[in-house]
Amino acid sequence: MSEKQNWDELYEAASREVLRWRKKHKRATLTEIEDTVDAEMARMRAQMIQDLAMGSETADLRSRVKEERPQCPQCGRPLAANGQQRRELVTEQEEGVELERSKGYCRHCKLSFFPSG
């Protein structure tokens, strides 16, 4: 399944949930409606962020040739892959995002970090 199809399904599920909630809360205030819509959109947003981050070229440094790897910010040398590690992050809307990405390592500077991208 492509990301677009998955995101369409997430949108449809969020829409159904908001409509189901609205049927139960016919006298909801505008603030309550806004909060409900925001909560559903935050879940969809977190999944989109996770999908995009996992699709990044830096998600798995092992699959990239040395010359195409991100560079060390201190010395400019290509990073080595330092294993795949799982990270759990939280979005601004307090939704969880799980990433499994390569940790980069500079053999010269001895820096180890998750490259952006």
Could you tell me how many degrees, from 0 to 90 and to the nearest 10, lie between the Cα long axis of helix 3-24 and the main elongation axis, the longest principal axis, of the Cα atoms of the chain?
30 degrees
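In whole Å and largest first, what semi-axes does the C-alpha gyration tensor of the stretch 1-69 yield when each eigenvalue is scaled by 5 and square-rooted? Intermediate results must be reported in sequence, preceding the final value.
Values: eigenvalues 284, 30, 6 Å².
That gives 38, 12, 5 Å for the three semi-axes.
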Extreme residue, positive dipole direction of the chain, given options Thr36, Ala46, Pro78 (C-beta unit charges)
Pro78
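Only sites in a loop by DSSP and with at most 12 other Cβ atoms within 10 Å count here; which GluC sites (Glu not before Pro) in the stretch 35-84 make the cut?
none
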For a test of understanding, tell me how many lysine pairs in the chain have Cα atoms under 29 Å apart, given they are 8 or more places apart or on different chains.
4
Please give the length that would be gained between Gln85 and His108 if that part of the chain were fully extended, namely 0.36 nm times their separation in residues minus their C-alpha to C-alpha distance (nm, one decimal).
6.1 nm
Specify which labelled value, from (1) 16.5, 55; (2) 19.6, 64; (3) 13.5, 41, agrees with Rg and Dmax of the Cα atoms in Å derived from the coordinates of the model shown.
(2)
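Exposure proxy check: Lys26, Lys103 ranked by fewest other beta carbons within 10 Å? All intermediate terms of the calculation are to be shown ahead of the outcome.
Working: Lys26 6, Lys103 17.
Ranking Lys26, Lys103 by Cβ neighbours within 10 Å, fewest first, gives Lys26, Lys103.
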Can you tell me the orientation of helix 30-54 relative to the chain, as the angle in degrees between its alpha-carbon axis and the longest Cα principal axis, to the nearest 10?
30 degrees
Ranked on Cβ counts within 10 Å of their own Cβ, fewest leading, Tyr11, Tyr105 go Tyr11, Tyr105
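Would you mind working out the magnitude of the charge dipole of the chain relative to its Cα centre, with +1 at each Lys and Arg C-beta and -1 at each Asp and Glu C-beta, to the nearest 20 Debye?
The calculated dipole for the chain is roughly 420 debye.
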Put a dot 7 Å past each Cα toward the Cβ at His25 and Arg62; how far apart are the dots in nm?
4.6 nm
Per-residue Cβ neighbour rank within 10 angstrom, fewest leading, Val65, Val97, Val18
Val65, Val18, Val97
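Each value in this text was obtained by applying a stated rule to the coordinates, not by laboratory testing. Keep in mind that this is a model prediction, so the values were computed, not measured. Cβ: placed from backbone, ideal geometry, glycine included. Neighbour counts: every protein chain shown.
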